[in-house]
Amino acid sequence: MQITKLSQMFDILATRPKKRLIAAWAVDPHTILATHSAAEMGIIEAILVGDEGLIKKTCQEHHLDCSKLRIIHNPNDLSAAAQAVKMINDGEGDFLMKGLLSTDRYMRAILNKESGLMNGGILTHITVAEPLNYHKLLIFGDVAIIPLPDLNQKIAITNNLIKTAHFLGIDNPKVGLLAASEQTLPKIPSCAEAAIIAKMAQRGQIKGGIVEGPLGMDLIIDKDSAIIKGMNSVVCGDADCILFPNIEAGNTFYKTLVKLLKSELGAIVMGAKVPCVLTSRGDSELSKLYSIALAAMMA
Amino acid sequence: MIDKLVQIAEKAKSLGRKTRIAVAAAEDTNTLGAISRAIKEGFIQAILIGNQAKIMALLLQTDIAPEAYEIIDIPDEAAAAKEAVRMVRSGEADVLMKGLVGTDKFLKAVLDKEKGLLPPKAVMSYTCALELPKHHKLLFISDTAVLTNPDLDQKIAMINYSVAMARRFGITKPKVALITATEKISSALPVTLEYALLCKMAERGQIKNCEIDGPLDIFLACDPNSLEIKGVQSSLNGDADILIFPNLESANSFYKGLMLFGGGELAGLICGTTKPVVVMSRSESENSKYYCLALACVMVEDK
């Protein structure tokens, strides 16, 4: 089934065996509330690694039922992160979530060569948004991890966009490669690399989606602009996925969707052995739930 | 449509004009052989510049009376090249041809910024049309002689020149194959990245009048069966008209191998100059030299 609304993930997860979320240093209200809600909805099983006293206190303050959560006591943040990662590696959980830990410490635990979750992949951040005035979901990246992806990193992000679409039931997603212009201007790296990636897809070196670029944002999301400019790619005006050439472009798009257009979204980190949730404290309650659900869909 | 080299000469004859050829240091039998054949066929007029005594002696060996030629006595080869270039530049001749002058001295005169034949910032390149006994049509290839390691802009110029030549032969939308060892795009083979760019530039209308695909190897460019066997999709359908090579070594080896082992013949031309420039290697066959001359006549802009 193709998902066109993020809330449909909840319905699908309700019909599947519950995936086990392991939250690293989950002692803050944000993490506890989000995981508690997800567990209460019955879409996941929540395992919180952190200081048991702190977790229970927070639950009491927010009138939450602790019995919905499995708590693994660990009084130290770094050691809790390491333990959460180890539990994933030992098969005791299906995906990871960040708690009150700083992002760099969380990422370091994932990236640790001996004990981490890497398997030769490239870590990329993938967002799935539900823009109010677009006719479908938009999957895009990287807005948070790779500042200026090189060609290989862009290929990895493109593959992850397509993979995410597949998990959401979008069989042959249309991927727009964003650049300042649809012209192939060799001196502008975003244009040049988009052309290269599009050609690679044409040659079957990137599979599972229809990839077109370079394209300006207008051509990616607006059919009328494409008609005016004489672009007849099926991707134009009907993109499922957008590859951003750099973090500034991606991050600005993300924040514009959230803050100006009040869109909801879910986001995960891909490229490790399991999906990793990396919510920001600024995210809405619903977006945190969507992020957990998205990771569970892909775990 | 021209698909045999002999048709180039027929086309040159059909133009109904005598193209004026200025030959720099016309002091070798190779050059004069091709020139006298073209005069006999009636499509050129020759201005022979060089050591008059030597030229006269050589002309006695041809079966055309020396009176049929205009001869200008300039014994120094560099000076002869300069005078030939001057005549073409001033419109006293239509085509420049190299005789027994060193290629470096000849090109120095062509490339001279004030008095030469290359417009500012223009790329000089070499395209030739190759006829092969076992192939159903001509193949235009570049660059076999001038650019050693063309960059992206130079490759675009090579494509444009080859397309212009193919169109002059009646191929309205020539199929351009960008040749390397594989059809896959990989940063390990940087030319494949350039090729991907060029394809997209053509798709976006930034390179006109042609269909481009690449990277492709020779099999995938020129043999539909290979496409089928390998399961590769190509907009050229294995029927390329133009082959663009990544560098001089590959293009040069490709054509020389085919000339030597495959019975190929060719007609080639320097491109990018304001008027056609014929530079022939002494090792080329009599026929190829004649075709080069005919090609230059065909490529002269209509007045």
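Being crowded, with 23+ Cβ neighbours inside 10 Å, more than 8 Å from every other protein chain (Cβ to nearest Cβ) and either of a type outside the set (Gly, Ala, Ser) or under 15 Å from residue A:139 (Cα atoms) (or both): is that true of residue A:206 here?
Against the criterion (crowded, with 23+ Cβ neighbours inside 10 Å, more than 8 Å from every other protein chain (Cβ to nearest Cβ) and either of a type outside the set (Gly, Ala, Ser) or under 15 Å from residue A:139 (Cα atoms) (or both)), residue A:206 does not qualify.
So residue B:149 fits all but one of (1) in a loop (DSSP other than H, G, I, E, B); (2) in contact with a Lys or Arg (Cβ under 9 Å, 6 or more places away or on another chain); (3) more than 10 Å from chain A (Cβ to nearest Cβ); (4) over 22 Å from residue B:266 (Cα atoms); what number is the exception?
Residue B:149 satisfies every listed condition except (2).
Out of everything in region A:209-222 that is surrounded by fewer than 20 Cβ atoms within 10 Å (Cβ to Cβ) and outside any loop (DSSP other than H, G, I, E, B), what residue ends up being nearest to the other protein chains (Cβ to nearest Cβ)?
So, considering only residues that are surrounded by fewer than 20 Cβ atoms within 10 Å (Cβ to Cβ) and outside any loop (DSSP other than H, G, I, E, B), the one nearest to the other protein chains (Cβ to nearest Cβ) is A:218.
Residue under question is residue B:90, and the condition is that it be within 18 Å of residue B:298 (Cα to Cα) and either among the hydroxyl-bearing types (Ser, Thr, Tyr) or in contact with a Pro (Cβ under 7 Å, 6 or more places away or on another chain) (or both); does it hold?
The answer is no for residue B:90.
With a cut-off of at least 2 residues that are surrounded by 20 or more Cβ atoms within 10 Å (Cβ to Cβ) and not β-branched (Val, Ile, Thr), name the strands (runs of 3 or more DSSP E) lying wholly within region A:1-98.
Here the list reads A:19-24, A:44-50, A:95-98.
Okay, residues lined up against (1) at negative phi; (2) surrounded by fewer than 24 Cβ atoms within 10 Å (Cβ to Cβ); (3) of a type in the set (S, T, N, Q):
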{"site": "A:101", "(1), (2), (3)": "yes, no, no"}
{"site": "A:112", "(1), (2), (3)": "yes, yes, yes"}
{"site": "A:138", "(1), (2), (3)": "yes, yes, no"}
{"site": "A:153", "(1), (2), (3)": "yes, yes, yes"}
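From the list A:193, A:182, exactly one residue is at the interface with chain B (Cβ under 9 Å from one of its Cβ atoms), surrounded by 23 or more Cβ atoms within 10 Å (Cβ to Cβ), within 18 Å of residue A:148 (Cα to Cα) and not hydrophobic (A, V, I, L, M, F, W, C). Which is it?
Exactly one of A:193, A:182 is at the interface with chain B (Cβ under 9 Å from one of its Cβ atoms), surrounded by 23 or more Cβ atoms within 10 Å (Cβ to Cβ), within 18 Å of residue A:148 (Cα to Cα) and not hydrophobic (A, V, I, L, M, F, W, C), namely A:193.
Could you check region A:228-271 and list, in sequence order, the residues that are farther than 24 Å from residue A:98 by Cα, within 18 Å of the chain's Cα centre (by Cα) and buried (at least 22 other Cβ atoms within 10 Å of the Cβ)?
A:239, A:240, A:241, A:242, A:243, A:244, A:245, listed by residue number.
Scanning for something more than 22 Å from residue A:277 (Cβ to Cβ), of a type in the set (D, E, K, R), assigned to a loop (DSSP other than H, G, I, E, B) and within 14 Å of chain B (Cβ to nearest Cβ), does region A:163-171 turn up at least one residue?
No: region A:163-171 contains no residue that is more than 22 Å from residue A:277 (Cβ to Cβ), of a type in the set (D, E, K, R), assigned to a loop (DSSP other than H, G, I, E, B) and within 14 Å of chain B (Cβ to nearest Cβ).
Could you look through region B:187-203, keep only residues that are crowded, with 16+ Cβ neighbours inside 10 Å and not hydrophobic (A, V, I, L, M, F, W, C), and pick out the one that is nearest to the other protein chains (Cβ to nearest Cβ)?
B:200
Go through region B:58-77 and give me each residue that's surrounded by 13 or more Cβ atoms within 10 Å (Cβ to Cβ), modelled with pLDDT under 85 and of a type outside the set (A, V, I, L, M).
Of everything in region B:58-77, those that are surrounded by 13 or more Cβ atoms within 10 Å (Cβ to Cβ), modelled with pLDDT under 85 and of a type outside the set (A, V, I, L, M) turn out to be B:62, B:66.
Across region B:274-296, which residue is surrounded by the most Cβ atoms within 10 Å (Cβ to Cβ) among those that are under 18 Å from residue B:90 (Cα atoms) and more than 12 Å from the chain's Cα centre (by Cα)?
The selected residue is B:275.
Considering only region B:177-186, state which residues are at the interface with another protein chain (Cβ under 8 Å from one of its Cβ atoms) and crowded, with 22+ Cβ neighbours inside 10 Å.
Scanning region B:177-186 gives B:183, B:185.
Please go through (1) touching a Ser or Thr at 6+ places or on another chain (Cβ under 6 Å); (2) farther than 20 Å from residue A:133 by Cα for residue A:230 and return the number of the only condition it doesn't satisfy.
For residue A:230, the exception is condition (1).
Restricting to region B:204-244, name every residue that is under 17 Å from residue A:186 (Cβ atoms), at the interface with another protein chain (Cβ under 10 Å from one of its Cβ atoms) and buried (at least 21 other Cβ atoms within 10 Å of the Cβ).
B:214, B:215
Report, by residue number, each residue of region A:242-270 that is in contact (Cβ under 8 Å) with a residue 12 or more places away in the chain and within 28 Å of residue A:36 (Cβ to Cβ).
Matches in region A:242-270: A:254, A:257, A:258, A:262, A:263, A:264, A:265, A:266, A:267, A:268, A:269, A:270.
Hey, residue B:96 hits all of (1) in contact (Cβ under 8 Å) with a residue 24 or more places away in the chain; (2) under 21 Å from residue B:275 (Cα atoms); (3) assigned to a helix (DSSP H, G or I) but one; which does it fall short on?
(3)
Among the residues in region B:224-239, are any within 16 Å of residue B:143 (Cα to Cα) and not small (Gly, Ala, Ser)?
Checked against the condition, which is being within 16 Å of residue B:143 (Cα to Cα) and not small (Gly, Ala, Ser), region B:224-239 yields no hits at all.
Identify, please: which residue in region A:155-179 is touching a strand residue (DSSP E or B) at 6+ places or on another chain (Cβ under 8 Å) and surrounded by fewer than 18 Cβ atoms within 10 Å (Cβ to Cβ) and is, among those, nearest to residue A:227 (Cα to Cα)?
Of everything passing the filter in region A:155-179, A:172 is nearest to residue A:227 (Cα to Cα).
The values are calculated or read from the model by the stated rules, or taken from the named source; none is laboratory data. What you see is a predicted model, and the numbers here were worked out from it, not measured in a lab. Cβ: placed from backbone, ideal geometry, glycine included. Neighbour counts: every protein chain shown.
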